[in-house]
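What follows is a set of notes on a single structure, which appears directly below.
The values are calculated or read from the model by the stated rules, or taken from the named source; none is laboratory data. Note that the coordinates shown come from a computational prediction; the quantities given were computed from them, not determined experimentally. Positions of Cβ are generated from backbone atoms using ideal geometry, with glycine treated the same way; all protein chains shown enter the neighbour counts. Just so you know, the surface numbers come from the protein's heavy atoms only, side chains and all, with ligands and any DNA or RNA stripped out. Shrake-Rupley method; radii C 1.70, N 1.55, O 1.52, S 1.80 Å.
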Amino acid sequence: MMDSFFTFEGEPSTEFSVFIEDDHTNDSAEREYETASVPGMNGDILYSNGRLKNGTLPYNCWIADDYVANARNLRNFLLSVEGYGRLEDTRHPEEFRKAFFRGPQNFDDVVSYTAGKFTINFEVKPQRWLKSGEVWRTVNKGNIYNKELWPAQPIIRVYGNFSTDKQVSVGDYVFTVKKCAGYVDIDCEMQDAYNDSGSQNTNVNIVEFPVLVPGDNQVDYDSGVTGVDILPRWWRV
């Protein structure tokens, strides 16, 4: 389909006259296991490393016109992005991936340097993040429901103006905010606390950063905390 394309770090592939011919975007992630065999025992012993592995996401693409210039500009752009970037495509408009491009990039001429086809191999984290999880939700003393099968690592925003310890609970997780001037953001993925004035790590006490488990996650907090918002970061595989 000529209207199918990908966007990497905000740059749509159509800027290079590149369209997706077919892809492997429905392939799943891979769980990491180790196995061991024991003499006299049928089958292997299985050890889970408790993680999903990175994978390769290939897009089979073609350049519709101005092949030489667009191939040059595309490879220059892809290799200019260092580290993970945001990857989206029009075939899965509700999701995005965290991906990086290692290279090299090879092209096959199709019609006398006017068109070309090629495969771009992005290396991706196993999660398919949902764009719906990028929306802040006002929860306060309420429930936030995770309909996915995987625990999400949210950003939790605690509001208030206080300088004495206040406990906040999200599901079975409890942490303490010792001081708050307006708000404190708790990033449970990066394990960091901050607000617009800088780091707030010295003003929180967290033994285990909360996750939003599948199903219900009840939020509660001490008097003095005036509210809680959550950016849930839902994901699936």
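How would region 165-210 be classified by its alpha-carbon gyration tensor: rounded, prolate or oblate, with rounded meaning a/c under 1.5 and the a/b versus b/c comparison settling the rest? Oblate is the answer for region 165-210, as a/c is 1.5 or above yet b/c matches or exceeds a/b. Estimated at 0.36 nm per residue, the fully extended path between Lys53 and Gln167 surpasses their Cα-Cα distance by 37.5 nm. What percent does the relative contact order of region 16-108 come to when contacts are Cα pairs within less than 8 Å and at least six residues apart? Across region 16-108, relative contact order equals 27 percent.
The residues of region 43-169 expose on average 55 square angstrom of accessible surface per residue, using a 1.4 Å probe on protein heavy atoms. Ordering Leu87, Ala64, Leu52 by Cα displacement along the dipole of region 9-98 toward the positive end leaves Leu52 in first place; charges were set at the Cβ atoms of Lys, Arg (+1) and Asp, Glu (-1). Using C-alpha pairs below 8 Å separated by at least 6 residues, the relative contact order for the chain is 20 percent. Computed from label points 7 Å out along Cα-Cβ, the spacing between Ser197 and Thr119 is 5.5 nm. Counting only heavy atoms of the protein chains and using a 1.4 Å probe, Asp44 has close to 100 Å² of accessible surface. A Förster radius of 41 Å, combined with the Cβ-Cβ distance separating Val207 from Ser80, puts the computed FRET efficiency at roughly 0.50. In this rough spin-label picture, where each label sits 7 Å from Cα along the Cβ direction, the Glu34-Thr226 distance is 5.1 nm. Dipole orientation for region 1-69: of the candidates Val38, Ser17, Phe5, Val38 has the Cα lying most toward the positive pole (charges on Cβ; Lys, Arg +1; Asp, Glu -1). Here the extension length gained between Val174 and Val68 equals 32.4 nm, from 0.36 nm per residue of separation less the Cα-Cα distance. Per-atom-type breakdown for region 94-237 gives carbon and sulfur 46% of the accessible area (1.4 Å probe, protein chains only). On a 0 to 90 degree scale, rounded to 10, what angle separates helix 67-80 from the longest Cα axis of the chain? Tilt relative to the chain: about 30 degrees.
In the chain, one over the average inverse separation of all distinct C-alpha pairs is 20.8 Å, which is the Kirkwood hydrodynamic radius.
Between Thr14 and Asn106, the FRET efficiency estimated from the beta carbon spacing at R0 = 30 angstrom works out to 0.90. For region 95-210, what D do you get in µm² per second when you plug the Kirkwood radius from alpha-carbon pairs into Stokes-Einstein at 37 °C and 0.692 mPa s? The Stokes-Einstein estimate is 186 µm²/s.
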